[in-house]
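Notes follow once the structure below has been shown.
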Amino acid sequence: MSRGKKYVDSAKLIDRAVQYDVAEAMELVVKTASAKFDETVELHVKLGVDSRHADQQVRGAIVLPHGTGKTQRVLVFAKGDKAEEAKAAGADYVGEMDMVEKIQKENWFDYDVVVATPDMMGLVGRLGKVLGPKGLMPSPKAGTVSPNVGQAVTEIKAGKVEYRLDKTNIIHCPIGKVSFGAQKLTDNFNAIMGAIIKAKPAAAKGQYVRSCVCAATMGPGVKLNAAKLV
């Protein structure tokens, strides 16, 4: 795979054989981001678990200290007072069957997070085949199925991120923007990493954090010292 000159120049600043401490890694991520836009910084953590087993799932959500740098568009399934509560908290779209039909008929996806009150899940369940593959299906573990929809919306708008294993036992998660600078990215990294470590399943055996890499959208990956994170 051929890389652009900027990427190649940035990659020279990173020693591939070294696993960096968090603060140094974040400085390198910021330094090696060379795109003209404000790149998102992503965290990729490979865990020593097997996501095929229910007792080894790692999933949750956390509000990052400095947010993600991105304003999330929130769709809420709620009715009555709960719908009003969601609107007051800043939800972008609120509805019931009308939203279900819009998604089914128009293939509508102009939102980043879906929240629902528990009594709406029967209705939202009809959208499982559409929302599921996109990772948009509301879930109690992620705090997106909640009777407190106002609080859920407020937290998402404040920079709440969900972390979950993919099929290869890796968690991919945004931790902010390059413009945050190394210190804020370090704070966000420590918050999410602390949550992932706390979520270690009792059934997990051996080394829990196998590898950890951070990278800006267009930048090279920076390896972190996994042994120091646990």
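Some values worked out for this structure:
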| read-out | value |
| --- | --- |
| Positions within the range 79-102 being among the hydrophobic types (A, V, I, L, M, F, W, C) and either touching a Lys or Arg at 6+ places or on another chain (Cβ under 7 Å) or surrounded by 15 or more Cβ atoms within 10 Å (Cβ to Cβ) (or both), in sequence order | ALA83, ALA86, ALA89, ALA91, VAL94, MET99, VAL100 |
| Residue check for THR71: within 23 Å of the chain's Cα centre (by Cα), open to solvent by 30 Å² or more (accessible area, probe 1.4 Å), modelled with pLDDT under 90 and hydroxyl-bearing (Ser, Thr, Tyr) | yes |
| Residues of the range 112-140 that turn out to be modelled with pLDDT of 95 or more, within 20 Å of LYS157 (Cβ to Cβ) and surrounded by fewer than 18 Cβ atoms within 10 Å (Cβ to Cβ), as a count | 0 |
| Condition met for ASP112 (more than 24 Å from VAL58 (Cα to Cα) and either in contact with a Lys or Arg (Cβ under 7 Å, 6 or more places away or on another chain) or of a type outside the set (Gly, Ala, Ser) (or both)) | no |
| Single residue of ALA89, ALA25, ALA83 found to be within 30 Å of ILE170 (Cβ to Cβ) and small (Gly, Ala, Ser) | ALA25 |
| All positions within the range 159-174 that are crowded, with 17+ Cβ neighbours inside 10 Å, on the phi < 0 side of the Ramachandran plot and either outside any strand (DSSP E or B) or aliphatic (A, V, I, L, M) (or both) | VAL161, LEU165, ILE171 |
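So that you can scan it fast, the table gives a plain yes or no per residue for (1) surrounded by fewer than 21 Cβ atoms within 10 Å (Cβ to Cβ); (2) at pLDDT below 95; (3) out of contact with any strand residue (DSSP E or B) (no Cβ under 6 Å at 6 or more places or on another chain); (4) over 15 Å from PRO65 (Cα atoms):
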residue: ALA142; (1), (2), (3), (4): no, yes, no, yes
residue: VAL153; (1), (2), (3), (4): no, no, no, yes
residue: LYS157; (1), (2), (3), (4): yes, yes, yes, no
residue: GLY176; (1), (2), (3), (4): no, no, no, no
residue: LEU185; (1), (2), (3), (4): no, no, no, no
residue: PHE189; (1), (2), (3), (4): no, no, no, no
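The values are calculated or read from the model by the stated rules, or taken from the named source; none is laboratory data. Keep in mind the model is a prediction, meaning the values are calculated, not measured. We place every Cβ from the backbone using ideal geometry, glycine too, and count neighbours over all the protein chains shown. Just so you know, the surface numbers come from the protein's heavy atoms only, side chains and all, with ligands and any DNA or RNA stripped out. Shrake-Rupley method; radii C 1.70, N 1.55, O 1.52, S 1.80 Å.
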